[in-house]
1. Using 0.36 nm per residue, how much length does the chain from residue 143 to residue 158 gain when fully extended, once their Cα-Cα distance is taken away?
2. Counting C-alpha atoms alone, how compact is region 56-141: give Rg to one decimal and Dmax as a whole number, in angstrom.
3. How many nm is it between the label spots at residue 150 and residue 85, if each spot is 7 Å from the Cα in line with the beta carbon?
4. For the chain, which whole percent of the accessible surface, found with a 1.4 angstrom probe, sits on carbon and sulfur atoms?
5. Which far-off residues, 5 or more places away or on another chain, put their amide H under 5 Å from the one on residue 35, with H placed in the peptide plane?
6. When the Debye formula is applied to the Cα atoms of region 1-82, each taken as the same point scatterer, what base-10 log of I(q)/I(0) results at q = 0.11, 0.12, 0.22, 0.27 Å⁻¹?
7. For the pair residue 126 and residue 54, what calculated FRET efficiency results from E = 1/(1 + (r/R0)^6), where r is the Cβ-Cβ distance and R0 = 30 Å, to the nearest 0.05?
8. Starting from the Kirkwood radius over alpha-carbon pairs of region 1-157, derive D by Stokes-Einstein at 25 °C in a medium of 0.890 mPa s and give it in µm² s⁻¹.
Amino acid sequence: MLIDLHTHSSRSDGTDSPRALVGCAAAAGLDVIAITDHDTAAGWDEALEAADEVGVRVVPGLEISCRYRGAGVHLLAYEPAPSHQPLLDELVKVLAGRSMRLPAMLQRLRELGIGITGDDVTAVAADAAATGRPHVADALVALGVVISRDEAFDRYLSPGRPAYVDRYAADLVTMIGLIADAGGVSVIAHPWGRASRRVLSTEAFADLADAGLVGIEVDHNDHSSADRAALRDIAQDLDLVRTGSSDYHGSGKVGHPLGCNTTDVDQYDSLRDRLRAASRTAGTA
Ligand code: AMP
Ligand code: ZN
Ligand code: FE
Ligand code: FE
């Protein structure tokens with residue numbers, strides 16, 4: 001049984017439509033995938049429909065942009081009720097932050113002499129509900145300014161580069177509570193990748209577990225084998241679920257093919273147990 005709990009579609013910055021994503025999962029021999037677009041549930045319906053057709057189980061989820069102790073942290077949220085108003089309100093704020101950042105980034109690029117417009121981004125982000133730096137990168141590729149998303153990030157879009165602009169992110173502890181209130185469960189995505197490594201100490205995980213965190217994404221390509229061993233120990237000590245996933249973005253992220261990391265069946269079963277418990281207690285806290 002092959003389980004991949006973190007993938008992106010073109011509703012955020014992946015390159016496959018939700019339907020194509022599910023088709024690729026079937027072709028790759030996966031039994032279960034979670035669709036976890038950045039800050040939006042816009043791909044859920046199409047992915048769930050396709051799941052029935054090809055016999056793959058789809059777990060509806062999101063990867064929510066959060067902040068903790070001043071650093072960006074990505075939170076995977078599985079099966080929260082999309083209609084839970086406080087969660088929706090917060091997602092609207094995050095998406096508005098994305099929209100507001102876009103013209104600021106384009107302005108920075110124009111100041112560098114690059115003739116890029118909002119239309120160039122719209123052309124490459126056609127069905128995205130959450131626009132992000134990868135779409136700006138794709139527009140720069142289409143304009144012939146760079147040859148890849150990676151080059152666009154390295155030269156312009158990563159923190160410290162000239163077109164980097166910060167944006168609103170949800171408070172992590174608050175968001176973990178909102179996910180639980182909405183009947184879902186939350187798992188920290190790639191905790192020791194990029195920005196979040198600095199703030200996610202053993203003590204921080206204990207704090208987050210107290211706030212209702214359910215799991216840690218241990219097996220992710222951003223983690224070395226030493227990182228994975230240490231994170232596995234932390235999860236075990238705190239009775240957190242250990243997940244593994246590809247963080248697939250279609251052709252938008254090299255080296256992250258579907259199923260390159262997977263979640264053990266016993267851990268998936270434990271996640272589902274905690275989901276059942278969460279949906280029983282949702283909204284009662
Ligand atoms: P944003 O959500 O707009 O802040 O952009 C973050 C997204 O950019 C994440 O989903 C990353 O997967 C992606 N990303 C970050 N660095 C790179 C890179 N060097 N090449 C391609 N994608 C990247
Ligand atoms: Zn992404
Ligand atoms: Fe992420
Ligand atoms: Fe991701």
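1. Taking residue 143 through residue 158 to full extension adds about 3.5 nm, to one decimal.
2. Rg, Dmax (Cα atoms, Å): 15.5, 47.
3. 4.8 nm
4. Details: 6000 of 11670 Å².
C and S atoms contribute 51 percent here.
5. 59, 61
6. Ignoring solvent entirely, the Cα scatterers give -0.27, -0.32, -0.93, -1.30.
7. Rounded to the nearest 0.05, the efficiency is 0.80.
8. Answer, rounded: 148 µm²/s.
The values are calculated or read from the model by the stated rules, or taken from the named source; none is laboratory data. Keep in mind that what you see is a predicted model, and the values were worked out from it rather than measured. FYI the Cβ positions are ideal-geometry reconstructions off the backbone, even for glycines, and counts take in every protein chain you see. Quick note on the areas: whole protein, heavy atoms, side chains included, nothing else; ligands and nucleic acids left out. Shrake-Rupley method; radii C 1.70, N 1.55, O 1.52, S 1.80 Å.
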